[in-house]
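Written below as structure tokens is the structure these notes are about.
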Amino acid sequence: MIQRLYRSRFFRFATGLVAGAALLAACTQMPQTRTQTAAMSATPSAAPAPAQLGTQWGEGIESKTRTVAAKRLSDQPDDVASVGYNEASAVRRDVGSNPERRLNLQLAQGDIEWSVLDENDRPLPLQRARRSGNDMFRLAGVEGARYTLRFRNLSDRSYEVIATVDGLDVLNGKPGSLRNGGYVLRPQQTLNIEGFRKSQSEVAAFRFATPGRAYAANTEAGDVRNIGVIGAALFELEEPNVPRRTRRDASPSQPSAFPADGAYAPAPRYRK
């Protein structure tokens, strides 16, 4: 009986010592754990890289077109240009704090005016770093926003316009090539390209999107390395049956007391 009691007291005493040691060990480790957590929280994390943008195959937009016969004056394009696009913070990083800014680009020695419009038909600012005149112009896009490519012919010449988005031809969805056919832009006309052509009556709207949602990343013809660039090539066309425009009469029909006062500068009309 005494032996059992002794064993019982000894067991409770030993158990108490073990519990006390465990509690002491736990209390000793807790400050260390808090210190480590605080130290890890105080370590600055690297800033995430700016998100890249691509162009998605958007909703259907009515856009009627027809096939016409046309012949280029030369196999060599009259002009080739490209515009890069990305998320706003990435564009700011690329162009610097004091970039050159434009609302359009003049192509083919000023015959064609090229701009990129937002969904409210306002030109998106084009920016280029001033440190190098050969750098590509860039524009800032917003994920989900729709955009349009606008080409305005200021001349009496006709041009064929080949446009690419993310390296894909906007007419056939194939890799961009100067051998592909394009849109015909007649003198003094404006061409709006609103999306990838689906048929002769519909296009899939251009919408800025994450690279994973870009059309170029979800079609066999696409290459993700070309995401983030819009291209344009111009070829002058032969027009044997179209008469040349006559020059305007420079003399006014009535005398003017203030001939130098005009509202705004008119667009030029270039001639051969």
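The values are calculated or read from the model by the stated rules, or taken from the named source; none is laboratory data. Bear in mind the structure is a predicted one, so any value in this text is a computation, not a measurement. Every residue, glycine as well, gets a Cβ built from its backbone with ideal geometry; the counts of neighbours run over all protein chains shown. SASA here: full protein model, heavy atoms, side chains in, ligands and nucleic acids out. Shrake-Rupley method; radii C 1.70, N 1.55, O 1.52, S 1.80 Å.
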Inset, instruction - Kindly provide the set of residues from region 193-205 that are out of contact with any helix residue (DSSP H, G or I) (no Cβ under 9 Å at 6 or more places or on another chain) and under 19 Å from residue 167 (Cα atoms), ordered by number. - result: 193, 194, 195, 197, 198, 203, 205
Legend entry - residue 168, sole failed condition from (1) in contact with a Pro (Cβ under 8 Å, 6 or more places away or on another chain); (2) aliphatic (A, V, I, L, M); (3) open to solvent by 30 Å² or more (accessible area, probe 1.4 Å): (3)
Inset, instruction - Among the numbered conditions (1) out of contact with any Ser or Thr (no Cβ under 8 Å at 6 or more places or on another chain); (2) farther than 25 Å from residue 78 by Cα; (3) part of a loop (DSSP other than H, G, I, E, B), tell me where residue 143 comes up short. - result: (1)
Inset, instruction - Please list, ordered by first then second residue, the pairs with beta carbon atoms under 6 Å, 6 or more apart or interchain, first in region 152-169 and farther than 13 Å from residue 109 by Cβ, second among the aromatic types (Phe, Trp, Tyr). - result: 160/235; 161/151; 161/183
Inset, instruction - Give the number of residues within region 193-211 that are touching a residue at least 60 places away in the same chain (Cβ under 8 Å), open to solvent by 10 Å² or more (accessible area, probe 1.4 Å), more than 11 Å from residue 55 (Cβ to Cβ) and not in a loop (DSSP other than H, G, I, E, B). - result: 3
Inset, instruction - Would you mind telling me which numbered condition in (1) surrounded by fewer than 15 Cβ atoms within 10 Å (Cβ to Cβ); (2) of a type in the set (Val, Ile, Thr); (3) in a strand (DSSP E or B) residue 116 fails? - result: (1)
Inset, instruction - Name, by its number, the condition in (1) within 20 Å of residue 76 (Cβ to Cβ); (2) among the hydroxyl-bearing types (Ser, Thr, Tyr); (3) crowded, with 21+ Cβ neighbours inside 10 Å that does not hold for residue 177. - result: (3)
Inset, instruction - Confirm whether residue 153 is in contact with a Lys or Arg (Cβ under 9 Å, 6 or more places away or on another chain) and closer than 23 Å to residue 67 by Cα. - result: yes
Inset, instruction - Test residue 184 against the stated conditions and say whether it is assigned to a strand (DSSP E or B), aliphatic (A, V, I, L, M) and open to solvent by 20 Å² or more (accessible area, probe 1.4 Å). - result: yes
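Okay, residues lined up against (1) more than 16 Å from residue 55 (Cα to Cα); (2) among the β-branched types (Val, Ile, Thr); (3) at pLDDT below 95; (4) open to solvent by 30 Å² or more (accessible area, probe 1.4 Å):
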{"position": "90", "(1), (2), (3), (4)": "yes, no, yes, no"}
{"position": "98", "(1), (2), (3), (4)": "yes, no, yes, yes"}
{"position": "103", "(1), (2), (3), (4)": "yes, no, no, yes"}
{"position": "112", "(1), (2), (3), (4)": "yes, yes, no, no"}
{"position": "126", "(1), (2), (3), (4)": "yes, no, no, no"}
{"position": "133", "(1), (2), (3), (4)": "yes, no, yes, yes"}
{"position": "139", "(1), (2), (3), (4)": "no, no, no, no"}
{"position": "145", "(1), (2), (3), (4)": "no, no, no, no"}
{"position": "151", "(1), (2), (3), (4)": "yes, no, no, no"}
Legend entry - Options 55, 37, 67: the member that is hydroxyl-bearing (Ser, Thr, Tyr) and modelled with pLDDT under 90: 37
